[in-house]
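Below is one structure, written out as structure tokens; comments come after it.
The values are calculated or read from the model by the stated rules, or taken from the named source; none is laboratory data. All figures in this text were calculated on a predicted structure; none of them were measured in a lab. Cβ sites come from the backbone with ideal geometry, for glycine too, and all protein chains shown count toward neighbours.
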Amino acid sequence: MPELPLRRLSIAAVAAAAFASCAAAEPVSRDRVTAALPQVAAMAEALTASGAVPGLAIVVVHADEIVYAEGFGLRDVGGPAEVDGDTVFQLASMSKPVSATVVAALVGDGVLDWATRIADLAPDYQLHDAYPSAEVTVRDLFNHRSGLPGTSGNDLEAIGFPRETVMRRLRLVPPSSSFRAGYSYSNAGLTMGALAAVRPTGKDWETIAKERLFDPLGMTSTSFRHADFAAGANSAALHVEVDGDWAAALKRDATAQAPAGGASASARDLGAWMRVELASGKFDGAQVIAADALAATHVPLFARGANPITDALTFYGLGWVVEYGRHGTTWGHAGAFSLGARTVVTLWPDADLGITVLANAFPTGAPEGVADSFADLVFDGAVARDYVAPWDAVYAGLFGPAVASAEATYAAKPDPATPALPASAYVGTYANPYVGEAVVAEDAGGLVLVLGPTGATRYALTHFDRDLFLYYSSPDLPTLPDELRFAVGPDGMATALTAGSLNDAGLGTLARMAP
């Protein structure tokens, strides 16, 4: 869900209000759960049949059993293959609670503690300032309270830098808040915490996740390796809207932030994981994860604000969102790739109940709509309202206003526009420690911006006014322009450039290098 910070309330006051307003949690019978399933299935069938979403997969767990795991619709709108309970979806940010479970397993094994400092695990991983670098812990990073700005590292990933390079360059990013004083949802930050956690094992993140979680639970289709997802015979393609229709037009390899967003799994596999979460680390009677290490992930640590649809108060734990609503306490997390994925998990621990809904499209509120409707059916016997439409609006609104504003701003050049300088004034190599080198070159009669470690990222530049050019860096938002602005010296030659898509943290200005 969108980040909606609470203001003018201490966390103690917010927590007290949450508990006071939270409906008393209650156990539910198997009959009430199974009675809800036909209506959930009908809802999913209607959503996919109407084209509201190409495909959905749903898994429901109750009383330590998978009671439902089914698929609906198509894996890819361009083919006949249907989604089933074993179809593998990319989880996007729903990877975070899965990663929290992996780290909890290591904590239970004594490899580290949630309070272990990153400096003691991976001293080459540093933040901008000396004190946070020395004191930041795995807990801080999984709770998004390190001070690292939320979008840090995303820009480097987008132009092709590998994971370890991104991790080491985070030390250059100025903080968005004082250490532990602010909440900023950061993919790179959680990834740093996860990668540091496995460092004492001598193995990579993907291997530890498989050995310590996926194999013991029989999650044979689950992986943090994108190559495993891409090679799968039963995988759901990503879908975005193109001219009003769903199209499997884009792909997303989240290897650079795998712990935060790179997992892929089937609904059935996720049912096994949900069982472990609800059973305090037990699986088929065996304690596979220490109960106290796992319980730490569900502790509400930072107030996030209100659920935009239900108004329930929400907090962030360690990779989990903890919410206090009218059906009791929930542990959950949503995931989204703007390139075409939507996911959500919701667990009601006091009812020993959980649901995960996976969708292969963006934007859509179908996962939350199905999950919220399921909760009403189980706890109240009837759906209180339409949840899909308002959740659709939440996700559609994440980018729509920004795109519309930018399109309006750059719809037409100034009249009169100031001509650009000769191409030779801009052509050259520019660099800074964060982005590395960028090359502005002539290509096919125009200018291009070349970025990344291999130079494979190329953006055509369109002149707008004098030393301001536009380019388009987001394949999922093809009409959203980024600014490329040159600073020009008295000799009529560019001395620096500032690239908008690299400047969220103020690190997008690169100086021209001497020839």
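Screening Val98 with (1) touching a residue at least 24 places away in the same chain (Cβ under 8 Å); (2) more than 18 Å from the chain's Cα centre (by Cα) gives one miss only, at (2).
A search for C-beta distances below 9 Å between a residue of region 366-385 that is closer than 23 Å to Ala49 by Cβ and modelled with pLDDT of 95 or more and any residue that is charged (D, E, K, R) and crowded, with 24+ Cβ neighbours inside 10 Å, counting only pairs 6+ apart in sequence or on different chains, returns Ala366/Arg342; Pro367/Arg342; Glu368/Arg342; Val383/Asp372; Arg385/Asp372. Within region 181-203, at least one residue is aliphatic (A, V, I, L, M), more than 22 Å from Asp292 (Cα to Cα) and under 17 Å from the mean Cα position of the chain (by Cα).
Is it the case, given these coordinates, that Ala420 is outside any strand (DSSP E or B) and in contact with a Lys or Arg (Cβ under 7 Å, 6 or more places away or on another chain)? Here the answer is yes, as Ala420 does meet what is asked. Taking the criterion of being closer than 24 Å to Val240 by Cα and either among the polar types (S, T, N, Q) or exposed (fewer than 12 other Cβ atoms within 10 Å of the Cβ) (or both), the residues of region 390-410 that qualify are Pro401, Ser405, Ala408. Helices (runs of 4 or more DSSP H) fully within region 359-415 that include at least 1 residues being more than 24 Å from Thr343 (Cβ to Cβ) and more than 21 Å from the chain's Cα centre (by Cα): 366-380, 400-409. Within region 16-42, residues that are in the same structural domain as Glu65 (by TED's automatic domain parsing) reach partners that are exposed (fewer than 11 other Cβ atoms within 10 Å of the Cβ) and modelled with pLDDT of 55 or more with beta carbons closer than 9 Å, at six or more positions or on different chains, in the pairs Arg32/Gly381; Ala35/Gly381; Ala36/Gly381. Taken over region 101-144, the criterion of being touching a Ser or Thr at 6+ places or on another chain (Cβ under 8 Å) and assigned to a loop (DSSP other than H, G, I, E, B) is satisfied by Val111, Trp114, Ala115, Thr116, Gln126, Leu127, Val136, His144. Does Arg169 count as outside the structural domain of Gly452 (by TED's automatic domain parsing), surrounded by fewer than 24 Cβ atoms within 10 Å (Cβ to Cβ) and part of a helix (DSSP H, G or I)? For Arg169, the condition - outside the structural domain of Gly452 (by TED's automatic domain parsing), surrounded by fewer than 24 Cβ atoms within 10 Å (Cβ to Cβ) and part of a helix (DSSP H, G or I) - is met. Tell me yes or no: at least one residue of region 255-268 is among the hydrophobic types (A, V, I, L, M, F, W, C), closer than 28 Å to Gly193 by Cβ and either touching a His at 6+ places or on another chain (Cβ under 7 Å) or part of a strand (DSSP E or B) (or both). The answer is yes; a qualifying residue exists. Looking across region 27-69, the residues that are surrounded by fewer than 17 Cβ atoms within 10 Å (Cβ to Cβ), of a type in the set (Gly, Ala, Ser) and in a helix (DSSP H, G or I) come down to Ala35, Ala41, Ala42, Ala46, Ala49. Select from region 481-504 the residues that are touching a Phe, Trp or Tyr at 6+ places or on another chain (Cβ under 7 Å) and assigned to a loop (DSSP other than H, G, I, E, B) and list them in ascending order. Hit for region 481-504 is Pro481, nothing else. When Val322 is tested against the conditions (1) β-branched (Val, Ile, Thr); (2) part of a strand (DSSP E or B); (3) free of Cβ contacts under 8 Å to residues at least 60 places away in the same chain; (4) out of contact with any helix residue (DSSP H, G or I) (no Cβ under 9 Å at 6 or more places or on another chain), the lone failure is (4). Out of all the residues in region 60-71, is one or more without any contact (Cβ under 8 Å) to a residue 40 or more places away in the chain and farther than 30 Å from Phe179 by Cα? Yes, some residue in region 60-71 is without any contact (Cβ under 8 Å) to a residue 40 or more places away in the chain and farther than 30 Å from Phe179 by Cα. The combined condition, being surrounded by fewer than 20 Cβ atoms within 10 Å (Cβ to Cβ) and either modelled with pLDDT of 95 or more or among the β-branched types (Val, Ile, Thr) (or both), is fulfilled by Ala423. Just one of the listed residues (Ala237, Ala247) is crowded, with 23+ Cβ neighbours inside 10 Å and in contact (Cβ under 8 Å) with a residue 12 or more places away in the chain, namely Ala237. I'd like the full set of residues that are part of a loop (DSSP other than H, G, I, E, B) and either touching a residue at least 12 places away in the same chain (Cβ under 8 Å) or among the hydroxyl-bearing types (Ser, Thr, Tyr) (or both), limited to region 304-319. Asn307, Pro308, Ile309, Thr310, Ala312, Gly317, Leu318, Gly319 - these are the residues of region 304-319 that are part of a loop (DSSP other than H, G, I, E, B) and either touching a residue at least 12 places away in the same chain (Cβ under 8 Å) or among the hydroxyl-bearing types (Ser, Thr, Tyr) (or both). Of the conditions (1) in contact with a Phe, Trp or Tyr (Cβ under 6 Å, 6 or more places away or on another chain); (2) in a strand (DSSP E or B); (3) not aromatic (Phe, Trp, Tyr), Gly150 satisfies every one except a single condition; which number is it? Evaluating Gly150 over (1) in contact with a Phe, Trp or Tyr (Cβ under 6 Å, 6 or more places away or on another chain); (2) in a strand (DSSP E or B); (3) not aromatic (Phe, Trp, Tyr) leaves (2) as the failure.
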